[in-house]
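Coordinate-derived values only; no laboratory data. In this text, all values refer to a predicted model and were calculated from it rather than measured experimentally.
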């Protein structure tokens, strides 16, 4: 179906031509309101199932990307918080021996 943009008629609806060579607008729909015109002329060019399947795939890709970025942000945030906690623990060391003791505890997984 080929569409042409008609001159402004007040409702700004794009109407289909009767055939490719015609320059006359389809006057059959002149009695319909804008909402009725839009509802009546909705047609899909091609296979609806194919369009729906492609949209589903695109949605899955977008959601997967969003979840991946969210997961990476969470990992980075938790790693940053753990690093700050460890640095705060090590900064409270009073001497070199205390620092070594705290480092060993961190390496063994006993952070306190």
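With 0.36 nm allotted per residue and the present C-alpha distance subtracted, the residue 63-residue 105 stretch has 11.0 nm of extension available.
Potential lengthening of the chain between residue 70 and residue 86 amounts to 3.3 nm, from the contour at 0.36 nm per residue minus the alpha-carbon distance.
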